[in-house]
Amino acid sequence: MCAMARPRKPLLSTDRIVVTARDLVDAEGLAAVSTRRLAAELGVSGPSLYNHFRTKDEILEAVADSVSAQVDLSMFEDGRDWRTALHDWAVSYRAALRDHPNIVPVLARGPGRRPAALRLADAVYGAMVEAGWPPAQATSIGALMRYFIMGSALGSFAGGFVDDASAYDPADYPHLGQAHLLAEQQEKIDERAFEAGLTALLDGLARQYERAGQQA
């Protein structure tokens, strides 16, 4: 009589560690990630993680890069003009950060050595230079876009107001009589604010681009 084979545990892989860590960050925040906690979630011993990552920071860097990899870069390769490409990229970038807001503080440190983040920076810079922006200004555009997008992902303006009307005494806050209604419209307000800010930013860049062309 043949003995039944024991069910095999899923093989531990870099991708599996990253996905599990990302789920943990999404659900509970950066502080929830530790090698011990991850090992428990994965059903493995703690030391086995060190075959893939040396430290917790390396794991978080990989999680951050997995989010950068979700950002669409096709707009820089399919013939869209620089302004449309920047707009569409910013929308995709913000969507990725909105889906994974707890990893934003790690992303905000800059690309470091993360491959997907470096490809992202390379695509934006290269597209701006190819469109005719001087290299120094192309660098500034990449920076200011990152500031704007990261800032929009760090928190919700509308979500920062409590839904208790009594918190906004008209004697103290005469212009906040409707502030308690903001939270329930959080997504709509934040989306509208992001689009308004992005349009204003791109309008300003377009004026700079036109002036530079005229001077040339």
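The values are calculated or read from the model by the stated rules, or taken from the named source; none is laboratory data. Treat the numbers as computed from the prediction; the structure is a model and nothing was measured. Positions of Cβ are backbone-derived with ideal geometry, glycine not excepted, and every protein chain shown enters the neighbour counts. Heavy atoms of the whole protein, side chains included, go into the accessibility calculation; ligands, DNA and RNA do not. Shrake-Rupley method; radii C 1.70, N 1.55, O 1.52, S 1.80 Å.
Brief remarks on what is shown
- For the chain, carbon and sulfur atoms together expose 54% of the accessible surface, with a 1.4 angstrom probe and every protein chain in place.
- Averaging the sequence gap over all C-alpha pairs within less than 8 Å and six or more residues apart, then dividing by the number of residues, gives the chain a relative contact order of 15 percent.
- Accessible surface computed residue by residue for region 17-67, with neighbouring protein chains in place and a 1.4 Å probe, gives 48 Å² per residue.
- Cα-projected label distance for D172 with Q70, points at 7 Å along beta-carbon direction, nm: 3.8
- The distance between label points at Y147 and D15 comes to 3.8 nm (points 7 Å beyond Cα on the Cα→Cβ vector).
- Region 86-136: trypsin sites (Lys or Arg not before Pro) falling in loop per DSSP and having at most 14 other Cβ within 10 Å: R109, R113
- Rounded to the nearest 500, the helix-only mean residue ellipticity at 222 nm of the chain stands at -18500 deg cm²/dmol, with each DSSP H run of n ≥ 4 adding -39,500 (n - 2.57).
- At a probe radius of 1.4 angstrom, the accessible area of region 91-184 per residue rounds to 56 square angstrom.
- Which labelled figure in (1) 20.3; (2) 19.9; (3) 18.8 is Kirkwood radius over Cα pairs in Å, once derived from the coordinates: (1)
- For region 48-145, the C-alpha radius of gyration divided by 2.2 N^0.38 Å, with N the number of residues, is 1.17.
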